[in-house]
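All remarks here apply to the structure that follows.
The values are calculated or read from the model by the stated rules, or taken from the named source; none is laboratory data. Values in this document were obtained by computation on a predicted structure and should not be read as measured data. With ideal geometry, Cβ positions are generated from the backbone for all residues, glycine too; neighbour counts draw on all protein chains shown. These accessible areas exclude ligands, DNA and RNA; they are computed on the full protein's heavy atoms, side chains included. Shrake-Rupley method; radii C 1.70, N 1.55, O 1.52, S 1.80 Å.
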Amino acid sequence: MTDIASQGGVPARLARLKDLAYNLWWCWHPEARALFKDLDFTHWASTHHNPVSLLRQVPSERLERLAADPAFLARYDKVISNFDAYLGRKDTWFRKAHPEFEGKAIAYFSAEFGVHNSLRIYSGGLGILAGDHCKTASDLGLPLVGVGFMYPQGYGQQRISTDGWQQNVYEHVDWETSPVRPVLTPAGQRLKVDVGWGGWNLYINVWEVVVGRVKLYLMDTNVEGNAPPDREISGRLYGGDKTMRLRQEIVLGIGGVRMLRALGVPVSVFHANEGHCAFLFLETLREKIAAGKDLKDALSEVSEQSAFTTHTPVAAGHDVFDEQLVAQYFKTYWPALGLDEDKFLELGRAPGEHGWNMTALALKLTGRRNGVSRRHGVVSRHMWRKLWPELPEEKVPISYVTNGVHMATWLQQELARAFSKHLGEDFWDRQDDPQLWSKVAAIPDEELWALHLRSKLELFRLVRGRVRSRWLAGHADSSQIVASGCLLDLSALTIGFARRFAAYKRAALILRDLDRLKRLLNDPFRPVQLIFAGKAHPADDGGKNLIQQIYRLAKDPAFGGRIAFIEDYDMHVARYLVHGCDLWLNNPLAPLEACGTSGEKAAINGVPSLSVLDGWWEEGYNGANGWPIGQPGGRGSGEAADQADSVDIYEALEKKIIPLYYDRGSDQLPRGWIKVMKESIRSVAPRFCGNRMVKEYVENFYVPRAPVAAKSRG
Ligand SMILES: *Cc1c(COP(=O)(O)O)cnc(C)c1O
């Protein structure tokens with residue numbers, strides 16, 4: 001691994017750019033982003049906003065010139081001083097609230113982390129939540145470390161063929177140009193940890209990603225000394241069959257704990273983000289037994305120090321393995337727990353079901369458990385009541401922490417500047433204070449609307465830019481160009497629908513009555529347009545069929561180019577969409593949306609939701625900040641429910657949303673609409689921001705029983 005410094009490319013005066021490139025802090029600080037962008041815009045674009053790669057490519061004459069440019073140096077110095085101040089800040093919220101936690105750490109395990117596009121180790125919502133959790137933990141000063149995988153092949157990128165069929169392209173991650181660095185031993189060797197047992201030698205190397213004050217430690221099994229099949233374990237996110245999946249989860253859970261021990265991280269709380277990581281609790285149990293505890297005490301200690309978040313209200317979404325497969329791997333492991341085969345396999349059994357269930361395992365071994373919205377808490381208690389047959393359902397010990405979003409990642413930067421001006425510079429620190437947000441009313445309508453139109457313009461520029469490269473590359477026909485959004489109209493009411501194409505998300509609901517939809521879209525005075533984006537799981541042909549159905553309509557001249565499908569939905573596209581659409585549509589089959597976070601991202605940007613009353617929206621909708629579909633808890637499933645929900649969508653659009661959007665005075669401002677935008681920001685920002693979420697995890701999960709005396713010491 002060559003270091004940038006050894007290439008001699010960066011002048012000494014700008015040397016700290018390297019530190020900045022390797023700390024993803026830059027990605028939620030606009031001045032730092034702008035610094036990289038202005039270093040060399042062409043390479044910034046061609047590297048897809050990857051500073052590590054950028055620093056390798058920007059010509060040294062260019063850097064020399066900037067190192068002598070007073071205006072650039074002033075900006076550089078300011079960014080570096082903010083960066084250092086951030087890293088060095090002692091009076092963080094966590095330090096002040098929990099001085100007794102000094103010297104301890106929280107380990108946050110997740111199969112994926114969505115921090116920035118330049119690090120393709122995420123697929124969707126779960127990973128982005130994990131990324132937002134880490135960024136927020138950094139802002140608040142939590143001593144948190146992330147544990148996950150470095151996937152050399154990442155997650156597939158999406159291409160849509162001429163006839164609308166999704167193709168997956170896997171691109172190898174280039175370590176040298178990713179914001180990751182190998183973890184070395186004090187002697188300068190690659191840290192290599194043996195995470196196997198019973199004659200299975202399985203080694204991992206460790207990579208470090210720095211996210212502000214938080215470190216992610218990522219494991220990689222492509223290591224010298226591993227058997228060839230073992231080298232593939234960390235190859236691809238969610239790739240391979242059940243056996244591969246089990247092997248990945250063994251490395252993630254058991255390997256993760258061993259890695260933390262090798263690194264010497266003083267972990268006092270283990271948090272598993274979804275069942276994939278649940279083997280970690282077996283390993284901490286084994287450690288305690290090896291240290292001489294009896295099983296009962298060991299179990300209670302594991303439970304005390306463990307937290308588990310479940311994300312899946314869909315039964316099929318939980319990881320279940322064949323018991324025989326599990327036994328094959330663990331038969332030399334369970335003796336160390338003092339268990340026999342049956343007692344061991346019992347740990348992963350859900351009553352009345354077959355197989356080894358990772359969620360059941362996690363629920364049994366952890367002391368604090370939660371779903372990710374109020375409704376999801378209810379659904380999870382119902383789903384898992386069989387584990388606590390002696391308790392009434394409402395007493396089942398699974399609570400909830402509603403997901404929130406990292407504001408600095410998702411807030412449009414000009415809008416953030418307006419918030420600074422009208423709410424106060426300290427609004428970032430006070431983002432979970434509802435009082436503060438009442439000041440949104442003071443933002444002049446014309447200012448908010450102008451900012452929104454700018455975001456919308458930026459979105460359309462992104463879309464057109466992508467269409468243009470497609471056109472320039474010469475392998476797109478004109479109907480594909482239309483389907484990709486080149487006829488989108490800046491003045492038309494623009495509805496965004498972007499998420500994973502899984503059946504329960506019902507992407508085609510708004511297409512149920514095509515004649516009615518056609519009338520809405522083609523209205524010459526009050527046109528409406530739809531922008532879709534999202535990937536189907538590579539193995540999900542149902543999801544791919546949905547994409548194809550939408551793509552064919554997007555190409556169909558009868559819809560006037562007012563339906564667009566944007567390829568390769570990722571964090572970059574998501575940002576533009578949640579900033580620049582007018583309305584955010586979400587119509588999953590309730591109650592299957594655990595939380596949903598894209599609507600939260602949109603809402604804090606003044607993009608209200610038209611959404612099923614499920615997940616976060618059931619808590620967030622207040623009658624004035626957007627529009628509902630259906631009723632709380634849903635209408636059940638099936639044809640009739642789909643039909644009724646789709647009618648709700650058309651009616652809300654025809655009777656309320658479209659008239660409100662196009663109701664303009666002589667100044668052309670949609671005052672009524674702007675009122676909904678403001679109410680959306682005011683009511684959603686403090687309740688669904690990352691600070692509120694992470695503080696709840698801290699108080700209820702990480703340090704719930706902090707002694708009062710210790711607290712008052714701070
Ligand atoms: C926020 C986000 C998601 C999750 O959105 P949901 O509303 O929970 O479906 C998925 N993918 C990307 C790229 C996102 O930014």
query: How about the range 544-553: which of its residues are over 19 Å from residue 481 (Cα atoms) and open to solvent by less than 40 Å² (accessible area, probe 1.4 Å)?
result: 544, 546
One residue from 557, 588, 632 being over 28 Å from residue 114 (Cβ atoms), touching an Asp or Glu at 6+ places or on another chain (Cβ under 9 Å) and in the same structural domain as residue 521 (by TED's automatic domain parsing): 632
Selection within the range 575-589 - within 22 Å of residue 316 (Cα to Cα) and either among the hydroxyl-bearing types (Ser, Thr, Tyr) or open to solvent by less than 10 Å² (accessible area, probe 1.4 Å) (or both): 587, 588
message: Which condition from (1) in a helix (DSSP H, G or I); (2) away from the ligand (no atom under 16 Å from the Cβ); (3) under 23 Å from residue 120 (Cα atoms) is the one that residue 539 breaks?
response: (1)
message: Among the residues of the range 420-450, what is the count of those that are over 24 Å from the mean Cα position of the chain (by Cα), without any contact (Cβ under 8 Å) to a residue 60 or more places away in the chain and crowded, with 18+ Cβ neighbours inside 10 Å?
response: 1
field: Residue among 16, 56, 33, 62 that alone is among the charged types (D, E, K, R), over 27 Å from the mean Cα position of the chain (by Cα) and within 22 Å of residue 213 (Cα to Cα)
entry: 16
task: Test residue 401 against the criterion of being within 20 Å of residue 367 (Cβ to Cβ) and within 16 Å of the ligand (Cβ to nearest atom), and give yes or no.
output: yes
field: Qualifying helices (runs of 4 or more DSSP H) (wholly inside the range 269-371; at least 3 residues being touching a residue at least 40 places away in the same chain (Cβ under 8 Å))
entry: 279-290, 295-304, 323-330, 358-365
- prompt: Say we look at the range 213-235 and pick out the residues that are out of contact with any Phe, Trp or Tyr (no Cβ under 6 Å at 6 or more places or on another chain) and part of a loop (DSSP other than H, G, I, E, B); which of these is nearest to residue 171 (Cα to Cα)?
  reply: 235
query: Given the residues 556, 541, which is the only one that is open to solvent by 40 Å² or more (accessible area, probe 1.4 Å) and over 30 Å from residue 380 (Cβ atoms)?
result: 556
message: Going through 127, 131 one at a time, which residue ends up being over 24 Å from residue 283 (Cα atoms) and either assigned to a helix (DSSP H, G or I) or not assigned by TED's automatic domain parsing to the domain that holds residue 533 (or both)?
response: 131
query: Does residue 119 satisfy the criteria of being within 16 Å of the ligand (Cβ to nearest atom), farther than 23 Å from residue 593 by Cα and open to solvent by less than 10 Å² (accessible area, probe 1.4 Å)?
result: yes
- request: Specify which of the listed residues (500, 512, 575) is within 18 Å of residue 611 (Cα to Cα), of a type outside the set (Gly, Ala, Ser), within 11 Å of the ligand (Cβ to nearest atom) and touching a helix residue (DSSP H, G or I) at 6+ places or on another chain (Cβ under 9 Å).
  value: 500
- prompt: Restricting attention to the range 649-703, which residues are open to solvent by less than 20 Å² (accessible area, probe 1.4 Å), closer than 30 Å to residue 95 by Cβ and in contact with a Lys or Arg (Cβ under 8 Å, 6 or more places away or on another chain)?
  reply: 686, 690, 701
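For every residue, the table says whether it meets (1) open to solvent by 30 Å² or more (accessible area, probe 1.4 Å); (2) touching a Lys or Arg at 6+ places or on another chain (Cβ under 6 Å).
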| site | (1), (2) |
| --- | --- |
| 459 | no, no |
| 469 | yes, no |
| 477 | yes, no |
| 484 | no, no |
| 505 | no, yes |
| 508 | no, no |
| 518 | yes, no |
| 528 | no, no |
Counted residues, the range 593-635 - those being more than 14 Å from the ligand (Cβ to nearest atom), outside any loop (DSSP other than H, G, I, E, B), surrounded by fewer than 24 Cβ atoms within 10 Å (Cβ to Cβ) and of a type outside the set (D, E, K, R): 2
Pairs, first touching a residue at least 24 places away in the same chain (Cβ under 8 Å) and more than 18 Å from residue 445 (Cα to Cα) in the range 597-608, second within 8 Å of the ligand (Cβ to nearest atom) and of a type in the set (Lys, Arg), C-beta under 9 Å, six or more apart: 598/499; 601/575
